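Below you'll find the structure, written out as structure tokens, and then a few comments.
The values are calculated or read from the model by the stated rules, or taken from the named source; none is laboratory data. No experiment lies behind these values; they were computed from the predicted model shown. Ideal geometry is used to build each Cβ from the backbone, glycine not excepted, and the neighbour counts take in all protein chains shown.
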Amino acid sequence: MHVVVCIKQVPDSAQIRVHPVTNTIMRQGVPTIINPYDLFALEEALRLKDQFGAKVTVLTMGPKMADPALRKALPFGADEAILLTDRAFAGSDTLATSYALSSAIAKIGQTEPIDIVFCGKQTIDGDTAQVGPGIATRLNLQQLTYVSKIVSIDKGARQIVVHRRAEGGVQVLRTSLPCLITMLEDTNHIRFGTMDDAFRAARYQLTEWSATDAGVPDVAQCGLRGSPTVVKKVFAPSAKTVKASPIAGETPDALAKTLIDTVFTAHPGLQEDLENQIAISTQGASS
Amino acid sequence: MTEQATTRPAGRTVELDERLAAYKGVWVFIEMERGHVHPVSWELIGEGRKLADRLGVDVWGVILAPPGEANMVAAGEAYAHGADGVYLMEDPILADYRTVPFNNGLCTLVNQFKPEILLLGATTLGRDLASAVATTLATGLTADCTALAIDLDTRSMAATRPTFGGSLLCTIHTLKARPQMATVRPRVMAMPPRTAGRTGRIVNVPLNMREDDIITKVLDYIPDRDQEQAQLAFADFIVAGGRGLGKVENFRLVEDLAAVLGAEVGGTRPLVQGGWIGAERQIGQTGKTIRPKLYIAAGISGAIQHRVGVEGADCIVAINSDPNAPIFDFAHYAIVGDAVKILPALTEAFRARLSANRKSI
Ligand SMILES: Cc1cc2nc3c(=O)[nH]c(=O)nc-3n(C[C@H](O)[C@H](O)[C@H](O)COP(=O)(O)OP(=O)(O)OC[C@H]3O[C@@H](n4cnc5c(N)ncnc54)[C@H](O)[C@@H]3O)c2cc1C
Ligand SMILES: Nc1ncnc2c1ncn2[C@@H]1O[C@H](COP(=O)(O)O)[C@@H](O)[C@H]1O
């Protein structure tokens, strides 16, 4: 069994600051991490390694600097790591990203056929949840998004059963391999790798692929040129024209009374709505 | 979304080439789960109506469902909320959501009738389907939009969404492909008024697939037992806390106030990450979007990802010790002070006021 995990290197969002004057993102010195959602995908892949001896290949598309993300994935137990990097990929939107990644996955599959491609639910920078389904569509893989659990895999029959989070419930789906799974968050915990993995990772030579190495059929579909979406404007949200009314008081109690008076005067009907709501919720509690 | 792209010249008038100009009209995918329409569909019809009126075109709902009476009921509701017509694709294969038949069906309709805009709810179903459709049609898709508008110069849709980093928004266009696609999360757009008796056209189109050709099978559907998720999004009264509460024990102050108001409780993402509250209680871009009548936010800074989730509230009361906290830019009432001291006072004052009044009725 061979599984590929797509991981993205993202800036640690907790440490991002926006320049107060220019409104631009200050990335300098912001440490990068593996997209946190992708660790759920990686752990699920590593469980297939435990269970079936699956080979785990991690794949990242990004600038040369994306190298540390891949390096960090190895000590957890990933077997191979490929960095897809080329100037041609710069400025990719999700359509162009899924094009580049699916080309590379197809190439990886030529040497060793792939059974499952794993992605995270979404990234914390792009935050679209589009790249996973994009890859599935392009490679004609059965698409299983928001998977909360792999119930079973029948290697012989090449069948998989999963739980998929839907609106208001969980779907139990059965499909054939190969498939693409996007893992839901909080479904597992990334493991501590073994000492062996740590040693192997330290010596491991990453594979670096350009667009040509990855066998990308049409570079015009990559990067900015291949991206149908165009960012026209980046701006700070405007403050409301009417500023928030300040509520003050000598003591917290006085302040609380002032607030309630002010709010109830400005929003007639609110008090009645609240009282109805309380009636409903106390009813609910007693029944 | 890319940074490089921002350096391109903007505002240039683009003559749509003939191929693209053939695409006309605004479509809204009507999401049905077991005969029940997700309310985000009506919110989008309301939004689609505004876009269509700007463009001078029609709004169409799109229903993909198994045959049944529910479909005509849904079509009627679509008209009542502002749709001019409904494309209806009925097939038993569409009983449960699966990517392949839905992608196939929706792409067939798009290729045949060519809408210029296609909107879907950013639900698990809508996101799964929108990505597959946009990839199949090689067109642009903007996720989780918070505002949609029309740029009449280019006749293109301006889709605004929060961007990376905490306090910025960006506006994205799809200029060289059609349809222009966007997803919008439930509760972000207001529910449009319902006009009873409004009617529209219906166009039936077959799916033309065989069940045997579909590899993925739905074995079972396990409905959620606790309806907690729905409750927060649809609650009229919500009290929420943020990191400014200082320590997890103080979150009880939020719960106490909520109990007195019969309100739901929520919080910011750091509280979820810190294990103070469950993920289903997170409010904001990656949590729930809310539209309550009253929202009380204690110790919350008001970062853009939180703001986009609460801006639909009728009345926002913010308690923050920092007079310059961004939350005061969009709150209606500002209390500058220590939430740990003010919350208990509010709880007592509301208790006194609301019960006093109840006795007097
Ligand atoms: C992709 C992405 C998605 C995100 N999605 C979400 C989301 O869905 N929801 C969300 O909430 N966040 C989200 N975030 C995080 C968001 O950017 C902010 O980091 C977060 O909302 C801040 O939470 P906070 O206000 O609780 O904490 P802080 O930003 O730390 O603010 C604490 C506030 O409390 C005030 N304070 C301190 N002490 C007191 C006191 N004693 N009394 C009163 N006030 C006090 C401070 O002045 C400060 O304003 C997301 C971030 C990213 C990058
Ligand atoms: N540049 C990338 N390299 C590798 N995987 C990616 C990349 N971008 C997105 N992905 C994968 O696609 C998922 C969804 O990303 P997004 O559509 O950006 O929310 C992520 O969780 C990753 O698994």
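Worth a mention:
- Out of A:Ala236, A:Ala202, A:Ala211, sole residue that is away from chain B (no Cβ under 14 Å) and either within 30 Å of B:Glu311 (Cα to Cα) or surrounded by 13 or more Cβ atoms within 10 Å (Cβ to Cβ) (or both): A:Ala211
- The one condition from (1) more than 8 Å from ligand 2 (Cβ to nearest atom); (2) modelled with pLDDT of 95 or more; (3) in contact with a strand residue (DSSP E or B) (Cβ under 8 Å, 6 or more places away or on another chain) that A:Ile124 does not meet is (2).
- Scanning region B:193-218 for residues that are under 29 Å from the mean Cα position of the chain (by Cα) and within 14 Å of chain A (Cβ to nearest Cβ) turns up B:Thr216, B:Lys217, B:Val218.
- Scan region A:86-120 for residues that are in contact with a helix residue (DSSP H, G or I) (Cβ under 8 Å, 6 or more places away or on another chain), more than 13 Å from ligand 2 (Cβ to nearest atom), under 26 Å from A:Pro228 (Cβ atoms) and more than 13 Å from chain B (Cβ to nearest Cβ) and the total you get is 1.
- The strands (runs of 3 or more DSSP E) found wholly in region B:110-175 and carrying at least 1 residues that are away from ligand 2 (no atom under 16 Å from the Cβ) occupy B:117-121, B:147-151, B:156-163, B:168-174.
- Extreme residue, farthest from ligand 2 (Cβ to nearest atom), among residues of region A:27-49 that are free of Cβ contacts under 8 Å to residues at least 60 places away in the same chain and closer than 18 Å to A:Leu59 by Cβ: A:Lys49
- Residues of region A:78-107 satisfying the condition of being part of a loop (DSSP other than H, G, I, E, B) and surrounded by 24 or more Cβ atoms within 10 Å (Cβ to Cβ): A:Ala78, A:Ser92, A:Asp93
- Residues that are aliphatic (A, V, I, L, M) and in contact with a Gly (Cβ under 7 Å, 6 or more places away or on another chain), drawn from region A:72-105: A:Ala88, A:Ala90, A:Leu95, A:Ala96
- Among the residues examined, B:Tyr333 qualifies as touching a Cys at 6+ places or on another chain (Cβ under 8 Å), within 7 Å of another protein chain (Cβ to nearest Cβ) and of a type in the set (Ser, Thr, Tyr).
- Lone qualifier among B:Leu346, B:Leu294 - being assigned by TED's automatic domain parsing to the domain that holds B:Ala240, more than 30 Å from A:Phe235 (Cβ to Cβ) and touching a residue at least 40 places away in the same chain (Cβ under 8 Å): B:Leu346
- Flag if B:Thr268 is crowded, with 17+ Cβ neighbours inside 10 Å, modelled with pLDDT of 95 or more and in the same structural domain as B:Ala143 (by TED's automatic domain parsing): no
- Residues of region B:161-182 classified as at the interface with chain A (Cβ under 9 Å from one of its Cβ atoms) and either closer than 27 Å to A:Gly168 by Cβ or in contact with a Cys (Cβ under 6 Å, 6 or more places away or on another chain) (or both), total: 3
- B:Gly299 meets each of the listed conditions (1) within 12 Å of ligand 1 (Cβ to nearest atom); (2) free of Cβ contacts under 8 Å to residues at least 24 places away in the same chain; (3) small (Gly, Ala, Ser) apart from (2).
- Taking the criterion of being over 22 Å from B:Asp144 (Cβ atoms), assigned to a strand (DSSP E or B) and either more than 8 Å from chain B (Cβ to nearest Cβ) or touching a residue at least 60 places away in the same chain (Cβ under 8 Å) (or both), the residues of region A:121-162 that qualify are A:Lys149, A:Ile150, A:Val151, A:Ser152, A:Ile153, A:Asp154, A:Gln159, A:Ile160, A:Val162.
Yes or no, residue by residue, for (1) crowded, with 24+ Cβ neighbours inside 10 Å; (2) modelled with pLDDT of 95 or more; (3) among the charged types (D, E, K, R):
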{"residue": "B:Ala298", "(1), (2), (3)": "yes, yes, no"}
{"residue": "B:Glu311", "(1), (2), (3)": "no, no, yes"}
{"residue": "B:Asp314", "(1), (2), (3)": "no, no, yes"}
{"residue": "B:Pro344", "(1), (2), (3)": "no, yes, no"}
{"residue": "B:Thr347", "(1), (2), (3)": "no, yes, no"}
{"residue": "B:Ala352", "(1), (2), (3)": "no, no, no"}
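- Counted as qualifying within region B:220-328 are the helices (runs of 4 or more DSSP H) with 2 or more residues that are away from ligand 2 (no atom under 16 Å from the Cβ) and out of contact with any strand residue (DSSP E or B) (no Cβ under 8 Å at 6 or more places or on another chain), namely B:228-234, B:251-261, B:269-273.
- Unmet criterion (only one of (1) in contact (Cβ under 8 Å) with a residue 60 or more places away in the chain; (2) part of a helix (DSSP H, G or I)) for B:Val86: (2)
- Just one of the listed residues (A:Leu173, A:Leu83, A:Leu144) is of a type in the set (A, V, I, L, M), more than 30 Å from B:Ile304 (Cβ to Cβ) and near ligand 2 (Cβ under 10 Å from one of its atoms), and it is A:Leu83.
Quick grid of which residues meet (1) crowded, with 21+ Cβ neighbours inside 10 Å; (2) not charged (D, E, K, R):
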site: B:Gln112; (1), (2): no, yes
site: B:Leu118; (1), (2): yes, yes
site: B:Ser131; (1), (2): yes, yes
site: B:Thr136; (1), (2): no, yes
site: B:Ala149; (1), (2): no, yes
site: B:Asp153; (1), (2): no, no
site: B:Met157; (1), (2): yes, yes
site: B:Pro162; (1), (2): yes, yes
